[in-house]
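Below you'll find the structure, written out as structure tokens, and then a few comments.
No value in this document is a laboratory result; all are computed from the given coordinates. Being a predicted model, the structure only gives us computed values, none of them experimental. With ideal geometry, Cβ positions are generated from the backbone for all residues, glycine too; neighbour counts draw on all protein chains shown.
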Amino acid sequence: MSFEVPEHVRPIRARVRQFFIDHGESFKADAQDKHQLLYLMEGAGRINLENKDHDVTKGMGIYLGPSETATISATDSTVKIFHLTVPQIPK
């Protein structure tokens, strides 16, 4: 299946990666000039957002706007993370 992309639509370059956080370790998603999506593919952990901890398990995730930051910690086991970053789209 294919489709035509309208002329006013500009392509953007997204960055996709997956990685593991070992038990007791953490990953800090710093504020960037980008949108971020962090999704737990495996394991259980904790996300700290705005100085509040939230327990998370497989299938849960978080969206971060360009000025937001969060820390994901692996609490019970190794956590597998899917991380998508997309630049801000100029107006």
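A few points about this structure:
- Separation in nanometres of the label points that stand 7 Å from Cα toward Cβ, at Ser67 and Asp22: 3.7
- From phi via Karplus (6.51, -1.76, 1.60), per-residue ³J(HN,Hα) for the stretch 31-46 in Hz, x at Gly/Pro: 4, 9, 8, 9, 8, 10, 10, 10, 10, 7, 8, 8, x, 9, x, 9
- DSSP-assigned coil residues among trypsin sites (Lys or Arg not before Pro) in the stretch 2-87, each with at most 14 further Cβ atoms within 10 Å: Arg13, Lys58
- The residues Ser67, Ser73, Ser2, when put in order of fewest to most other Cβ atoms within 10 Å, stand as Ser2, Ser67, Ser73.
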